[in-house]
Amino acid sequence: MLRLVTTSLCLQCQRSRAPPLIIRSCTTLKAVENPQTVEALYRLSVDIQKIRKLKGWILHQDNAYVNETADLLKDLGASGPVVAQVLALHPEAVLCSPEQMQAQRELWMLVCPYQRDLLGIIEKFPASFFTPSSHHANQRNNIVYFRELHLNKRIIAKLMASAPQSFSRPAEENKNMVSTLQQAYLDLGGEEANMKIWLQKLLSQNPFVLLKDPKMLRQNLLFLRDRGFTAAELLYLLRKLRGFVTELNPASMQHTLTYSQSTMGCSQAELRQIILKCPALLYYSEAILAERFDGLRCAGISMSQIIATAGVLELTPQIVTYRIQRLKACGYDIKSGSLEALSGTKKDFEMSSEKLQLRRERPLFNPVAPLKGDD
C-alpha cells in the first residue's frame with residue numbers, strides 16, 4: 001500500500017513539474033505540417049528549410065494566408081524574389097488575415113503614401129508591418145499624436161519601422177516621454193523655435209528613446225549638473241548624445257568618471273572639458289576605456305595628446321592601428337604631430353590622409369621653372 005501511495009505521489013509530482021504547452025498562435029496547431037502552406041511557399045520559391053529550422057511551428061498552423069500575403073506584396077510592387085525574401089525573413093506574415101493586412105496597409109499609408117517606400121520598409125522591417133490586430137488602435141493613436149507634433153511623415157514611418165514597440169503601446173506613454181524631453185530642452189536654454197528640428201533628429205537617430213523612463217532622464221541631468229556642468233553644457237550634451245543620456249544612470253556615470261579622471265590625472269574641471277570634446281566618455285564602460293587607453297599608449301601616443309584630442313577615444317584599437325599605419329605611409333609622425341589627423345569620421349580621415357599623401361608627393365621645386373642666375 002505504501003509503495004502504491006509513493007508511486008502515485010511521484011506521478012503527481014511529475015505531472016506538476018511538466019512544463020505547460022505554449023501555443024504560439026491563436027490558430028490550431030497541427031501534429032503535421034500543413035501541406036497547403038508548404039506547397040504555396042514552395043511555389044513562391046521560399047526557403048522552406050530555413051523556416052523549418054528556425055520557425056517550424058508556422059508550417060503546422062491550420063490557418064495560413066500565403067497566397068494572400070504574396071498578393072499584397074506584389075500589389076505594392078514586389079518582385080518574386082522580394083516576396084520570397086520577405087516570407088523567409090518573417091514567415092509569421094502568412095498568419096495575418098487579409099483583413100489585418102489591409103488594415104495595416106491603410107494605417108501605414110497615412111505616413112508612407114508612396115507604395116514603393118512602404119515596400120522598402122516591409123523588406124527591411126517585415127515584423128513591424130505584419131502585427132497583431134490588437135495593436136492597431138494604439139498604432140493609429142500614436143500616428144495621430146506624432147502628426148499633431150508636426151513631425152515629418154518620414155520620421156514617423158521610421159519610428160514605426162525601427163521601434164514598433166513604441167507604437168504598439170498607448171499613446172499616453174509616448175506623450176509623457178516626449179513632454180519630458182521637450183521640457184528638459186527648454187529648461188536648459190534651448191529655443192522653442194528649434195525644438196521641433198532637435199526632436200526630429202533625436203527620434204530619428206535614437207527611436208528607442210521613447211521606451212526609456214522619463215525619470216531616468218531627469219536623474220541623469222541632475223547628476224551631471226551636480227558635477228559642475230552648466231545648463232548650456234548640458235544642452236550641448238543632450239544634443240550631441242542624441243538621447244544616449246537616457247540610456248545611462250548616475251551610478252554607471254560616476255564609475256566611468258572616476259576611472260577616467262584617475263587614468264588621465266586631470267582635475268574635475270578639466271574632465272568636464274574633456275567630456276565636452278568626447279561625450280562618449282559618459283557611457284563607455286571601464287573595460288572599453290581601459291582597452292582604448294592601452295591601445296593608444298602602446299602606439300606611442302602620450303596622455304597629454306589624448307587629453308588634447310579626446311575624440312580619439314571614440315575609435316576602437318583596430319581603427320587606431322589602421323589609421324596610424326596609413327598616416328605613417330604618408331610620412332606623418334603621429335607621436336610628434338596632432339591627433340586631429342587620426343580622429344574624426346571615416347570620411348574625415350580619408351580626406352586628411354589624401355591631403356597628406358598629395359603634400360608628400362608634391363615636388364620640392366618646380367623642374368620647369370627657370371633657374372635664377374647671379375646678378
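Derivation of every value follows stated rules applied to the coordinates shown; laboratory data play no part. These numbers come from a predicted model, not from an experiment. Using ideal geometry, Cβ is built from the backbone for each residue, glycine included, and neighbour counts are taken over all protein chains shown.
Couple of notes before you dig in:
- Relative to one another, the C-alpha centroids of the range 258-293 and the range 322-348 are positioned 22 Å apart.
- Relative contact order of the chain, taken over Cα pairs closer than 8 Å and 6 or more residues apart, is 8 percent.
- Only Lys, Arg (+1) and Asp, Glu (-1) charged, at Cβ; the range 118-201 dipole about Cα centre in debye: 340 debye
- Projecting the Cα atoms of TYR42, VAL66, LEU107 onto the charge dipole of the chain (Cβ charges, centred on the Cα centre) puts TYR42 farthest toward the positive pole.
- Residue exposure sequence - ILE122, ILE306 - by fewest surrounding Cβ within 10 Å: ILE306, ILE122
- Checking the Cα-Cα distances for LYS53/LYS212; LYS50/LYS124; LYS240/LYS346; LYS55/LYS158 against a 29 Å cut-off, the pairs over it are LYS53/LYS212.
- Sorted by Cβ density within 10 Å, fewest first, the residues ARG140, ARG323: ARG140, ARG323
- Cα centroid separation - the range 165-191 against the range 226-254, whole Å: 17 Å
- Matching label, Cα Rg over 2.2 N^0.38 Å computed from the structure shown, candidates (1) 1.48; (2) 1.40; (3) 0.94: (2)
- Pairs of Cα atoms farther than 14 Å apart, the range 121-163, %: 50 percent
- Placing +1 on each Lys and Arg Cβ and -1 on each Asp and Glu Cβ, with no other charges, gives the chain a dipole about its Cα centre of roughly 540 debye.
- Legend: ranking of residues THR37, THR258 from fewest to most surrounding C-beta atoms inside 10 Å; resulting order THR258, THR37.
- Residues whose amide H falls under 5 Å from that of GLN61, counting only those 5 or more places apart or on a different chain, are LYS30, ASN34, with hydrogens built in the peptide plane.
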